[in-house]
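Each remark here refers to the structure printed beneath this line.
The values are calculated or read from the model by the stated rules, or taken from the named source; none is laboratory data. Since the structure is predicted, the reported quantities are computational estimates derived from the model, not experimental observations. Here the Cβ is made from the backbone with ideal geometry for all residues, glycine too, and neighbour counts use every protein chain on show.
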């Protein structure tokens, strides 16, 4: 029995493709399915070609599938563009067999509601409930008033009725529902990351819009009042990162978000956080580069850059969440570790993870946070400058916050002595470099550090190794791949050498998998462990791997 | 009150920065602000080297990026007075976008720009305020650009306190700093600062001959057009308050901005259920 389906709607930008896709995805989610939603669109407001595709199943789904069960083509060329995704079993809905405009006219609705007729027809073909679609429409269009909701209902009904008369033999049996929607969320990686940051005590988010990080700004701005946080759309990425550092110095948990280009502008600020030892969280939602690159597509090309960005050397963390669950968890952790170790934490996501929709378990409501490194005013009793950069065992020095009596000190972007005053003295320089560097060893031993994790059987003939957003695709492919397991890195830097070596000690054949052209994790593994992994799968066309594609590539290697 | 550290200033003898430091000390004394009750953010340059000399909470940032750091501190702790110490290169060149944006937003910070019409720490190249034709090591045939007008720019970009002082008149400058610190919003105090090492044309004496006090001329500092006309004067340089307007500061315009400073908000237990 069929337990999943892959559905795609394709049309021109400005035709409401994403909106229609999302409505259908929410309908599937409401129906009780595990749903994944993936969208492709050009960097345009009108014209071009947009798609939204849904992989839905009674079992957990983690990624899109390439081959389609239903393709809804809203414009003429849609089916032509997607030839390679069509199989003999694919049902293609287009103006040839589904007269959307005629159906809209029948019920005297606005032409822009035509996509809802396609959704009605799809509901019929997939054995979903029309009432669930109508319920979703009522929620989505609630703000536009009852007449708009009603008109959309009528169009959806017309599409459903048309399909029930014309496509009766093609209808698929209904998939039984399993997911309990009140325990699950249907959301994007960017949304999950935003909520995780709030759970971690975020108080100030500063950003300049840049795809694909922009929806973090939108999400946090929309929730700012309810979450009691401040969100500022700043003048540029340089102002953004410096403002967040100022707030961090004054004791506020702050975050900035951008993509590679904006991250490049922030790199001097990154070093400022490093040398002043000011907590800072930077989200880099990657897209293909360099420079403007391919704004609305996905990439994992910035891993080594994130590890090395800014001049000279200082400790930092590079977190690489693999799914929205980890986006939430690691965004919260980032806030805590940035403060605990007084350094910059970079969260690397990408367009695929940030803008795709996933079904995840609802995170718990209550979140506890500890404050780190701060000092009680009663413990401050000198009118001499406070030793902000006192050398300690862990490299982390306590810090009073501006306004605290007797805590007066200077934070300095120049190399400085323990008091924070500028110095060019040889021994002071060495002392401060070493002090900062000490943090790395302690981070790796921190109980909250998230080590690489093994998925699948404990022993296998081949082991896939990856980081970031490939996690879902690989987990999906593991369902088909024989004798294969998978090591995922949720944190790539500092490099967790010990745990990685434990996991790979008995592995037979290792294969790295990344969405960049030179195998950056592969290089890093060699650099950090001396281990050369000769098999690697790379993709760098802006698209994620698809499970079947991955399966075929892996099988070709063996 | 202890105002300075034990580190001796490294400025050239006779540098205008000594006068500005003296005026800052006087104004802080007058306002009875204790060292922990304010934060000073410093840019990179001769002016920024003041970071080592003032005894207060301080942050010595990147060249040109002092203003966003200052505004970030203010958002984090709006009860704290925040001063930005910056030069003409950092404020009107490298960091101009921040200057314009934060003025437009009326962020509550006092910006003291040490304007010596040159880049002095990097050995005397032209700055955004240098007169056209200024010959310097980077412009041996004379600079081509027309000078940037800081006061006029601040006025048209909605700064709510715009003033100019002179490093050679400490009591007057101290009074401007005091008024700037009392102002609730974006305050620009551009300070005419002689650089005795690299700017041989604009000496203390030259400035004394070229400045006049606006407040002795019945200037209406509540009127934007008059302020702009005064800011456009270049033959003689007016000093004093050009413009002062009452308007809520940036943080006061954020809906639901908390009374308790962001930095002091309790984050020990956060309930996210209403967000999901």
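Here are a few things to note about the model shown:
- Candidates B:244, B:265, filtered to the one that is without any contact (Cβ under 8 Å) to a residue 24 or more places away in the chain and either within 8 Å of another protein chain (Cβ to nearest Cβ) or touching a strand residue (DSSP E or B) at 6+ places or on another chain (Cβ under 6 Å) (or both): B:265
- A single entry from A:222, A:234 fulfils the requirement of being assigned by TED's automatic domain parsing to the domain that holds residue A:310 and without any contact (Cβ under 8 Å) to a residue 24 or more places away in the chain: A:222.
- Here residue A:409 passes the criteria (1) facing chain B (nearest Cβ under 10 Å); (2) closer than 30 Å to residue A:323 by Cβ except the one numbered (2).
- Strands (runs of 3 or more DSSP E) (entirely within segment A:466-537) containing at least 2 residues that are in contact with a helix residue (DSSP H, G or I) (Cβ under 6 Å, 6 or more places away or on another chain) and surrounded by 15 or more Cβ atoms within 10 Å (Cβ to Cβ): A:484-489, A:509-514
- Selection over segment A:482-503 of residues that are over 30 Å from residue A:343 (Cα atoms) and in contact with a strand residue (DSSP E or B) (Cβ under 8 Å, 6 or more places away or on another chain) gives a count of 4.
- Matching option when the condition is facing chain A (nearest Cβ under 8 Å) and in contact (Cβ under 8 Å) with a residue 24 or more places away in the chain, among B:62, B:33, B:75: B:75
- Qualifying residue in segment A:70-81 (condition: at pLDDT 95 or above and either closer than 21 Å to residue A:3 by Cβ or surrounded by fewer than 22 Cβ atoms within 10 Å (Cβ to Cβ) (or both)): yes
- Residue count for segment A:382-410 satisfying the condition of being within 19 Å of residue A:438 (Cα to Cα) and in contact with a strand residue (DSSP E or B) (Cβ under 8 Å, 6 or more places away or on another chain): 4.
- Within segment A:13-112, helices (runs of 4 or more DSSP H) holding 3 or more residues that are within 23 Å of residue A:359 (Cα to Cα) and touching a strand residue (DSSP E or B) at 6+ places or on another chain (Cβ under 8 Å): A:17-31
- Filter pass, residue B:18 being at the interface with chain A (Cβ under 10 Å from one of its Cβ atoms) and over 21 Å from residue A:408 (Cα atoms): no
- Every residue from segment B:211-225 that is in a helix (DSSP H, G or I) and within 19 Å of residue B:176 (Cα to Cα): B:214, B:215, B:216, B:224
- Residues of segment A:178-209 satisfying the condition of being closer than 23 Å to residue B:101 by Cα and surrounded by fewer than 21 Cβ atoms within 10 Å (Cβ to Cβ): A:209
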